[in-house]
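Each reported figure results from applying straightforward, stated rules to the coordinates on display, with no laboratory input. Please read these numbers as outputs of a predicted model, since none were measured by experiment. Ideal geometry is used to build each Cβ from the backbone, glycine not excepted, and the neighbour counts take in all protein chains shown.
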Number of protein chains: 2
Amino acid sequence: MRQAGRSLPEYKAVRGEGSILQAIQDPERAAEITLQPVRRYGVDAAILFSDIVTPIFASGFGIDITPGVGPTCEQPFASAADLDRFRPLDPSVDLDFQAKTIEILMGELDVPLIGFAGAPFTVASYLVEGRPTRDFAKVKALMTGDPKLWHQLADLVADSAIATLRAQVEAGAKAVQLFDSWAGALHPAHYREYVLPHSEKVLAAVADLGVPRTHFGINSGELLPLIAGAGCEVVGVDWRTPLSVARERTGGTYALQGNLDPALVLAPWEVLEAEVLRILDDNAGHPGYIFNLGHGVLPMTNPEQLERVVELVHRVGTARGPAPDNAANAST
Amino acid sequence: MRQAGRSLPEYKAVRGEGSILQAIQDPERAAEITLQPVRRYGVDAAILFSDIVTPIFASGFGIDITPGVGPTCEQPFASAADLDRFRPLDPSVDLDFQAKTIEILMGELDVPLIGFAGAPFTVASYLVEGRPTRDFAKVKALMTGDPKLWHQLADLVADSAIATLRAQVEAGAKAVQLFDSWAGALHPAHYREYVLPHSEKVLAAVADLGVPRTHFGINSGELLPLIAGAGCEVVGVDWRTPLSVARERTGGTYALQGNLDPALVLAPWEVLEAEVLRILDDNAGHPGYIFNLGHGVLPMTNPEQLERVVELVHRVGTARGPAPDNAANAST
């Protein structure tokens, strides 16, 4: 349950005004926000309170998160000259706040902590577009029109993701997720040519750490075989693709995660309950499943609905399958 | 090539300020805008200049199209009391401007005219959400939480779509498209239960007119078998699903349309050319294909790029397959 925090009153009380990046850089506050959904929902894992643009921000590229808009770049990446705006991320300096946050969490958490990074395509799309986009026209024009420059950019973002994930695991994270949220905007042929090599590089570079790797993008039904093949143990599935279809497309050897439509958490409880049971049924006989939403928690979500979902999954999921695999996985 | 007009200087010259609904209600202007892309690009069909909310607007429900935003409802549909805000559409009165526009076009066009309507889910989502949405939370809460009211609403929208399409064909349109642009936001199980019956009703109610029916939604890869089965001869495919995959999922008995990513029209010509050829190759041996973009033309598109696309499709498509099936289909 990514972004579970933003629907919680206790989150709003400590989050503060302004860019979310300020809260992320404050270890006490970031640790508290990470803990809130674990306390509230009793989920089986925590996810670090951070953002996919944190490492790029921390390395001084010039990106912010504008409240009500999302990641914004005043000077988007536009030409080879912008490559000089990247400097290699040194986590011990640039992400010291992240290490301190995880250190606090290691003393507080009694469930595993999940770290994460943004995948090269999704992060680079913000750098090129300068703000959230519906059509990804600029980044597609760059990747297809100047593949050499695109691959240089994506490689730099990949390096930054690798350094981030390694630092998270070294500090205590027990699993990592690579979010390629917007990869589903691409045709599979373009994903394979321009995106897959960079995501593969990131996932391969954390393989030696021995922690489970989750790989995920929304709208990615057609990409599932490629996303799975990039190098992961768990494939995230949004709500559009039935789990049975996702198992077919990924070859059945991966654990799956997700599938509950975040919008349905706003429906009456009877509807939500039936939906959760349908998803658990869709998993009958497949222990490799982590219950989760198919995308982030919507801001207007009633926390009581999520409390009931977690309770239901723990009760029914445990009865139907091995507990650790039917675990509910939530946080901010 | 839906919305081809908005990238044309000649469109900007005649479109006027304010809501697009004013231009749609002006037969001279609407006919001129319909003709512009046919003249400019030499495409093989025209699509009526209108909007999917035109019939609901014309029947007085209270919906507008806000420039820079999209369809907006000051008083969204929220309860059974709002059912009274619908009155049956009488095309001879409510859509007289549409009949007049088509009458002008029948005297001017030397290619077939395509009519269209919005499908019940997509149109109803605007009525319930009150504006464009990313999550469709309100409409999903309504359809799952109060199925009876949802089905009443969707049925009224279906009736309005039927009256619209029938009037278009009676006035001279030679084909119809049913646009369920946002159906891809739904899980297939929800699509089947809440949406499919209403789209089926619309498509069945125009079957006796004997014109080809196209059915389309973006992001609809998982829904393709259901969208095809709703009752149509042509299935629209966005750029995420390869045509070969779409043929598999639809059973191979339908003609397909679309597949070019509108964002790639902004890429350098060599890239765009390769993409068009890749799509035509993906059709090798399948004459049942109508070349088109996978979604509307982006506003910042350079018309010269589209001119070259049409020229290329006419040249290569005609060499590779029967001309009428490889026809390029464009308009506003």
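Projecting the Cα atoms of A:Q257, A:G229, A:H314 onto the dipole axis of the stretch A:225-317, where Lys and Arg carry +1 and Asp and Glu carry -1 at the beta carbon, places A:G229 farthest toward the positive end. The antiparallel fraction among DSSP beta bridges confined to the protein assembly as shown stands at about 10%.
Net charge in the neighbourhood of B:L156 (other residues with Cβ under 11 Å of its Cβ; Lys, Arg +1, Asp, Glu -1) is -2. Taken one residue at a time, the phi angles of the stretch B:198-210 give Karplus couplings (6.51, -1.76, 1.60, θ = phi - 60°) of 6, 5, 4, 4, 4, 5, 5, 6, 10, 4, 5, 6, x Hz. Gly and Pro are set to x. Around the amide H of B:I290, modelled in the peptide plane, lie the amide H atoms of B:L256, B:Q257, B:G258, all under 5 Å away and 5 or more residues distant in sequence or on another chain. Ranked from shortest, the separations from the 7 Å Cα-to-Cβ label point of B:R131 to its equivalents in the other copies are 1.4 nm. Each Lys and Arg contributes +1 and each Asp and Glu -1, all at the Cβ; summed about the Cα centre of the stretch A:188-280, the dipole is approximately 220 debye. About its Cα centre, the dipole of the protein assembly as shown is roughly 360 debye, where the only charges are +1 on Lys and Arg Cβ and -1 on Asp and Glu Cβ. The separation of the stretch B:278-296 from the stretch B:1-57, counted between C-alpha centres, amounts to 25 Å. Antiparallel versus total DSSP beta bridges in the stretch A:5-320: what percent is that, nearest 5? About 10 percent, rounded to the nearest 5. Of the residues A:P242, A:F49, A:G285, the one whose Cα sits farthest toward the positive end of the charge dipole of chain A, with +1 on the Cβ of Lys and Arg and -1 on the Cβ of Asp and Glu, is A:P242. Each 10 Å bin from 0 upward holds the following percent of the Cα-Cα pairs of the stretch B:4-320: 6, 27, 36, 25, 6, 0.
With the label put 7 angstrom out from Cα along the Cα-to-Cβ vector, B:G16 ends up 5.3 nm from the copy partners, going from closest to farthest.
Close amide H pairs (under 5 Å, H built 1.01 Å from N) link A:T66 with A:T72, residues at least 5 positions away or on another chain.
Across the stretch B:84-90, computed HN-Hα scalar couplings (Karplus, 6.51 cos²θ - 1.76 cosθ + 1.60, θ = phi - 60°) run 5, 6, 8, 10, x, 6, 10 Hz from first to last residue, x flagging Gly and Pro. Between B:S92 and B:E193, the FRET efficiency estimated from the beta carbon spacing at R0 = 35 angstrom works out to 0.50. Expressed in units of 2.2 N^0.38 Å, where N is the residue count, the Cα radius of gyration of the stretch B:142-236 is 1.06. Counting only DSSP H runs of at least 4 residues, each contributing -39500 (n - 2.57), and dividing by the residue count of the protein assembly as shown, the helix-based mean residue ellipticity at 222 nm comes to -12500 deg cm²/dmol. Electrostatic bookkeeping for A:V235 treats Lys and Arg as +1 and Asp and Glu as -1; over the other residues with beta carbon under 13 Å from its beta carbon, the sum is -1. Other residues within the sphere of radius under 15 Å centred on the Cβ of A:A58, judged by their own Cβ, net out at -3 (K and R +1, D and E -1). Taking amide H as placed 1.01 Å from N in the peptide plane, the amide H of A:I47 sits under 5 Å from that of A:I114, A:S331, A:T332, each at least 5 places away or on another chain.
Per-residue Karplus couplings for the stretch A:97-111, computed as 6.51 cos²θ - 1.76 cosθ + 1.60 with θ equal to phi - 60°, are listed in order as 4, 5, 4, 5, 4, 5, 4, 4, 5, 4, x, 10, 7, 10, 10 Hz, Gly and Pro entered as x.
The angle between the Cα long axis of helix B:147-171 and the main principal axis of chain B comes to about 50°, on a 0 to 90 degree scale. In nanometres and ascending order, the distances from the A:P88 label point to those of the other copies are 7.6 (point 7 Å from Cα along Cα→Cβ).
A Cβ-based charge dipole, computed about the Cα centre of the stretch A:5-320 with Lys and Arg at +1 and Asp and Glu at -1, lands at about 420 debye.
Against the empirical curve 2.2 N^0.38 Å, the C-alpha radius of gyration of the protein assembly as shown lands at a ratio of 0.97.
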